[in-house]
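J.: Provided herewith is a single structure, encoded as structure tokens, for subsequent inquiry.
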Amino acid sequence: MSIPVRLSAHQPRGRIPDDPNARDVPPCRSLVASLAVEAREVRKRFGPVTALDGLTVTINAGEIYGLLGPNGSGKTTFIRTLAGLVRPDSGALTVLGASPRAAVAAGVIGYMTQTAALYGELSVDENLRFFAALEGVREADARIIEALRQVDLLDRRASAVNTLSGGMRSRVSLAATLLHQPRLLLLDEPTVGIDPSLRREFWEHFRSLASAGVTLLVSSHVMDEATRCDRLGLIRAGRLLAEGTSDELVARAGAQDLEAAFIALSAAAA
Amino acid sequence: MNAKRVGAVARRIVLQFRHDRRSLGLLFVAPVIVLTLVGALWGSSATSTVRVVSVGDVDPQLYESLRGTNIELSALDRDAGLEALRTGRADAMIEFRENSANVTVEGSDPTRTSQIIGQVEAALTHLILDVPLTAFVKVSYLYGGPDYSLLDYLAPVLIAVFAYFFIFILSTVSFLRERTSGTLERLLASPLTRGELVTGYLAGFAIFALLQALVILAFTVFVLKVQYRGNLATIFVVEAVLVVGAVSLGLAISAFARNELQAVQFVPLILVPQIFLSGLLVPVDQLNDVLHALSTVMPLTYANEALRSVMVKGYALTDPLILRDIGILAAFAVLMAGAAVGSIHREVA
């Protein structure tokens, strides 16, 4: 089984209109076109828990940025902040030159949640048709076929989601995220519960999307996946401990591999 | 508000129902089964016979005077009479003294007791006056009539309660699933606004809620043959506004439950006080001040008032009372829809 790579199919959308109802923190003072995400000193508390503690991250357009950290480090909160689901308490945040909510409203963000967010009673096609309608996708039929071909599930188009395996559901979830050709993909631990061969195919597909100009933010705590990212951000307790390519981080920590580097850098920051 | 996105949410709900045949079936079959049972229970206008035991010899004149009434008289000695009362073979025992009559009843069921005492007292009055009761008591009816059964009186309330009950549970659990399965998170990370989501849900559920309301109304009127005076369309309009409010209440309440078990526990908490205080068991104007005040904030109270006014008294849609009740029900639906929108905000922000 393989996922055919179709670069020409993905044509990310254009400029984000201003959203008068934007409810996020003010955007950064100026935007460099090459930045897909710019977060500065972003803080978020949930009651007594500090989820983001002055997180500063910049992600370049067209790169695969890996957000690495243990469970509870703030990865999902940061992704939810970028998806317009969480409003930071303070800090500045810009997504593709706009506030997160404006970017979401413009349909330029694709968000794949940790667990496949699909309607089990509905067929794959009905699920995708629904998400396509929400995103205002034109020629939905063609896009659905295209997205299903990309995740190698075209033959299961009429199957009820409930009848699919966990891995297949993840693929449908990814297809739903790709339908509207977003410019920024937020993938929250997309390969959890996925077998190794499918995981490799997912990453091949992520790389093809990045080649087509799409920016990907992928959270993970699996170190061997991290080496596939262009740049990595090591996050712990809501703070960025270190940032750079996999090789840079290993060299900086004087470690043998990324896992050892992560442990060493975490210990140094503690 | 984007109509296409609202339509997409509504269409999805319709599709989910279509795939879930059992829920769809229950939506229509469950109220029909419950109504059938209620119809069998309360549908008869006949009053039950009261079995009276007289201690000692019975004056033949007494038998004669009770002819044609629903009192069945027999003579036993005192011990046998008491035994008949204890074992449920008699409802009352009369001991005639010189200037009085002692009546003994079983007494554990207050409703049955007052019914028995009322009938025995009427019969004894009948006996003392030595004229038929109908000779000096003439009854006229403003509404209803001699053929009116308890079901005819309760039907308007039952229509409201059942239409409200089933769709409230469905919308609560359905929206709760949206919250707990992660799909709500996914939806809110799309251009869909919270207002569009709630409107789409209202539209999708309203289709089934209205169909269910129609089935309940048709079954009540055409199968149970409940007597009604007003226009059927007016009855349906009141029902329609009520069930849309039930959907929006369900969406709002789902915010307070973390799982389906909790959602089901909300059903008695939200519905039972409304059912008790809206006029099904005790007329609203006979409630004490605190309960009366509570009943005024419950939508079922207004639905029952409107439906009873239309069905029993024949009020028209344009009657100020009906318009006021429909207005209050519509305001409640809008208020709860707003609360539902607000509850989504609280969860994700």
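The values are calculated or read from the model by the stated rules, or taken from the named source; none is laboratory data. Not measured: the values here are computed from a predicted model. FYI the Cβ positions are ideal-geometry reconstructions off the backbone, even for glycines, and counts take in every protein chain you see.
J.: Can you name the number of the only condition in (1) surrounded by fewer than 21 Cβ atoms within 10 Å (Cβ to Cβ); (2) under 20 Å from A:Leu55 (Cα atoms) that A:Leu249 fails?
T.: Here A:Leu249 meets the rest and fails (1).
J.: For a quick check of your reading: which strands (runs of 3 or more DSSP E) sit entirely within segment B:68-115 and have at least 1 residues that are among the charged types (D, E, K, R) and assigned by TED's automatic domain parsing to the domain that holds B:Asp57? Give the steps one after another, and end with the answer.
T.: Numbers: elements: B:71-76, B:92-96, B:101-105.
Passing ranges, in order: B:71-76, B:92-96.
J.: Continuing with this model, one more query. If only one of B:Leu224, B:Leu188, B:Leu214, B:Leu232 is buried (at least 17 other Cβ atoms within 10 Å of the Cβ), more than 14 Å from chain A (Cβ to nearest Cβ) and touching a helix residue (DSSP H, G or I) at 6+ places or on another chain (Cβ under 8 Å), which one is it?
T.: Details: B:Leu188 fails: more than 14 Å from chain A (Cβ to nearest Cβ); B:Leu214 fails: buried (at least 17 other Cβ atoms within 10 Å of the Cβ); B:Leu232 fails: buried (at least 17 other Cβ atoms within 10 Å of the Cβ).
Among B:Leu224, B:Leu188, B:Leu214, B:Leu232, only B:Leu224 is buried (at least 17 other Cβ atoms within 10 Å of the Cβ), more than 14 Å from chain A (Cβ to nearest Cβ) and touching a helix residue (DSSP H, G or I) at 6+ places or on another chain (Cβ under 8 Å).
J.: Within segment A:222-246, track down each residue that is modelled with pLDDT of 90 or more and among the charged types (D, E, K, R).
T.: Answer for segment A:222-246, where residues must be modelled with pLDDT of 90 or more and among the charged types (D, E, K, R): A:Asp230, A:Arg231, A:Arg239, A:Glu243.
J.: Looking at (1) buried (at least 17 other Cβ atoms within 10 Å of the Cβ); (2) of a type outside the set (Ser, Thr, Tyr); (3) within 20 Å of B:Pro156 (Cβ to Cβ); (4) at pLDDT 90 or above, which one does B:Ala337 not meet, given that it meets all the others?
T.: All conditions are met except number (3).
J.: Of the residues that sit in segment B:25-51 and are modelled with pLDDT under 85 and more than 19 Å from the chain's Cα centre (by Cα), which one is farthest from the other protein chains (Cβ to nearest Cβ)?
T.: Within segment B:25-51, the match that is farthest from the other protein chains (Cβ to nearest Cβ) is B:Val50.
J.: Looking at segment B:294-349 only, could you name the residues that are closer than 12 Å to B:Val237 by Cβ and of a type in the set (A, V, I, L, M, F, W, C)?
T.: Hits for segment B:294-349 are B:Ala303, B:Ala306, B:Leu307, B:Val310, B:Ala316, B:Leu317, B:Ile322, B:Leu323, B:Ile326, B:Leu329, B:Ala330.
J.: Another question, if that's okay. Considering segment A:88-122 alone, what residues qualify as being of a type in the set (Val, Ile, Thr) and either at pLDDT below 90 or more than 20 Å from A:Leu55 (Cα to Cα) (or both)? Steps first, please.
T.: Going through segment A:88-122, the residues of a type in the set (Val, Ile, Thr) turn out to be A:94-95, A:104, A:108-109, A:113, A:115.
Matches in segment A:88-122: A:Val104, A:Val108, A:Ile109, A:Thr113, A:Thr115.
J.: Of all residues in segment A:69-83, how many are modelled with pLDDT under 90 and under 20 Å from A:Leu185 (Cα atoms)?
T.: Narrowing segment A:69-83 to residues modelled with pLDDT under 90: A:69-73.
Narrowing further to those that are under 20 Å from A:Leu185 (Cα atoms): A:69.
Going through segment A:69-83 one residue at a time, the tally reaches 1.
J.: I'm trying to understand the selection: among the residues of segment A:66-102, which are in a strand (DSSP E or B) and crowded, with 22+ Cβ neighbours inside 10 Å? Show your work before the answer.
T.: To start, the set of residues in segment A:66-102 that are in a strand (DSSP E or B) comprises A:66-68, A:90-95, A:98.
Correct list: A:Gly66, A:Leu67, A:Leu68, A:Leu93, A:Thr94, A:Val95, A:Ala98.
J.: Do you know which of the residues in segment A:44-64 that are under 23 Å from B:Leu188 (Cβ atoms) and touching a residue at least 60 places away in the same chain (Cβ under 8 Å) is nearest to the other protein chains (Cβ to nearest Cβ)? Please lay out each step first, then the result.
T.: Narrowing segment A:44-64 to residues under 23 Å from B:Leu188 (Cβ atoms): A:44-47, A:49, A:51-52, A:55, A:57, A:59.
If we keep only those that are touching a residue at least 60 places away in the same chain (Cβ under 8 Å) as well, we get A:44, A:51-52, A:55, A:57, A:59.
Working: A:Lys44: 11, A:Ala51: 13, A:Leu52: 14, A:Leu55: 18, A:Val57: 19, A:Ile59: 17 Å.
Among them, the one singled out is A:Lys44.
J.: Which of (1) surrounded by fewer than 22 Cβ atoms within 10 Å (Cβ to Cβ); (2) within 11 Å of chain B (Cβ to nearest Cβ); (3) outside any helix (DSSP H, G or I) does A:Ala132 not meet, given it meets every other one?
T.: The number of the failed condition is (3).
J.: Identify all residues within segment B:279-319 that are farther than 19 Å from B:Gly230 by Cβ and not in a loop (DSSP other than H, G, I, E, B); write none if there are none.
T.: Scanning segment B:279-319 gives B:Val284, B:Asp285, B:Gln286, B:Asp289, B:Val290, B:Leu291, B:His292, B:Ala293, B:Leu294, B:Ser295, B:Pro299.
J.: Looking at A:Leu148, is it more than 8 Å from chain B (Cβ to nearest Cβ) and over 19 Å from B:Ala189 (Cβ atoms)?
T.: Yes, satisfied.
J.: So, of the residues in segment B:149-185 that are within 14 Å of chain A (Cβ to nearest Cβ) and small (Gly, Ala, Ser), which turns out to be nearest to B:Ala257 (Cα to Cα)?
T.: Only one residue fits best here, namely B:Ser174.
J.: Only one residue in B:Val226, B:Val264, B:Val221 is free of Cβ contacts under 8 Å to residues at least 24 places away in the same chain and in the same structural domain as B:Ala30 (by TED's automatic domain parsing), so which one is that? Give the steps one after another, and end with the answer.
T.: On the way: B:Val226 fails: free of Cβ contacts under 8 Å to residues at least 24 places away in the same chain; B:Val264 fails: free of Cβ contacts under 8 Å to residues at least 24 places away in the same chain.
Residue meeting the stated conditions: B:Val221.
J.: Among the candidates A:Ser165, A:Ser99, A:Ser90, A:Ser73, which residue alone is more than 8 Å from chain B (Cβ to nearest Cβ), under 25 Å from B:Val6 (Cα atoms) and hydroxyl-bearing (Ser, Thr, Tyr)? Break it down into steps so the answer makes sense when it comes.
T.: Values: A:Ser165 fails: under 25 Å from B:Val6 (Cα atoms); A:Ser90 fails: under 25 Å from B:Val6 (Cα atoms); A:Ser73 fails: under 25 Å from B:Val6 (Cα atoms).
Among A:Ser165, A:Ser99, A:Ser90, A:Ser73, only A:Ser99 is more than 8 Å from chain B (Cβ to nearest Cβ), under 25 Å from B:Val6 (Cα atoms) and hydroxyl-bearing (Ser, Thr, Tyr).
J.: I'd like the residue in segment A:106-127 that is outside any loop (DSSP other than H, G, I, E, B) and within 17 Å of the chain's Cα centre (by Cα) and, out of all such residues, is nearest to the other protein chains (Cβ to nearest Cβ).
T.: From segment A:106-127, those outside any loop (DSSP other than H, G, I, E, B) are A:109-112, A:123-127; that's our starting set.
Imposing the further condition that a residue be within 17 Å of the chain's Cα centre (by Cα) reduces the set to A:109-112.
Numbers: A:Ile109: 7, A:Gly110: 9, A:Tyr111: 4, A:Met112: 9 Å.
Per the stated criteria, the residue is A:Tyr111.
J.: Oh, and also: Failed condition for B:Phe175, given (1) surrounded by fewer than 19 Cβ atoms within 10 Å (Cβ to Cβ); (2) modelled with pLDDT of 75 or more; (3) over 23 Å from the mean Cα position of the chain (by Cα), with all others met?
T.: Here B:Phe175 meets the rest and fails (1).
J.: Take B:Arg89 and decide whether it is of a type in the set (Lys, Arg) and surrounded by fewer than 18 Cβ atoms within 10 Å (Cβ to Cβ). Outline the logic, then answer.
T.: Details: of a type in the set (Lys, Arg): yes; surrounded by fewer than 18 Cβ atoms within 10 Å (Cβ to Cβ): yes.
So B:Arg89 fits the description; yes.
J.: Scanning for something outside any helix (DSSP H, G or I), closer than 30 Å to A:Phe46 by Cα, aliphatic (A, V, I, L, M) and assigned by TED's automatic domain parsing to the domain that holds B:Ser181, does segment B:331-342 turn up at least one residue? Quick ask: steps written out before the conclusion?
T.: Here is the first cut: in segment B:331-342, the residues outside any helix (DSSP H, G or I) are none.
Scanning segment B:331-342 turns up no residue that is outside any helix (DSSP H, G or I), closer than 30 Å to A:Phe46 by Cα, aliphatic (A, V, I, L, M) and assigned by TED's automatic domain parsing to the domain that holds B:Ser181.
J.: Among what's in segment A:222-257 and is under 21 Å from the mean Cα position of the chain (by Cα) and free of Cβ contacts under 8 Å to residues at least 40 places away in the same chain, pick the residue that is farthest from A:His205 (Cα to Cα). Spell out the reasoning first.
T.: Going through segment A:222-257, the residues under 21 Å from the mean Cα position of the chain (by Cα) turn out to be A:222-246.
Applying the additional criterion that residues be free of Cβ contacts under 8 Å to residues at least 40 places away in the same chain yields A:222, A:224, A:227, A:241-242, A:244-246.
Details: A:Val222: 18, A:Asp224: 17, A:Thr227: 15, A:Leu241: 29, A:Ala242: 27, A:Gly244: 22, A:Thr245: 20, A:Ser246: 20 Å.
Within segment A:222-257, the match that is farthest from A:His205 (Cα to Cα) is A:Leu241.
J.: Residues B:Tyr141, B:Tyr164, B:Tyr153: which one is at pLDDT below 90 and outside the structural domain of B:Val38 (by TED's automatic domain parsing)?
T.: Values: B:Tyr164 fails: outside the structural domain of B:Val38 (by TED's automatic domain parsing); B:Tyr153 fails: outside the structural domain of B:Val38 (by TED's automatic domain parsing).
None of the other options fit; the residue is B:Tyr141.
J.: OK, next. Is there any pair linking a residue in segment A:156-169 that is part of a loop (DSSP other than H, G, I, E, B) to one that is among the small types (Gly, Ala, Ser), with Cβ under 8 Å and at least six apart or on different chains, and which?
T.: Sorted first by the residue in segment A:156-169, then by its partner, the pairs are A:Arg157/A:Ser123; A:Ala158/A:Ser123; A:Ser159/A:Ser123.
J.: Could you give every pair whose Cβ atoms fall below 7 Å, whose first residue belongs to segment B:272-289 and is within 19 Å of B:Ile159 (Cβ to Cβ), and whose second residue is of a type outside the set (Ser, Thr, Tyr) and not in a helix (DSSP H, G or I), counting only separations of at least 6 or pairs across chains?
T.: Sorted first by the residue in segment B:272-289, then by its partner, the pairs are B:Gln274/B:Met298; B:Leu277/B:Leu287; B:Leu277/B:Met298; B:Ser278/B:Met298.
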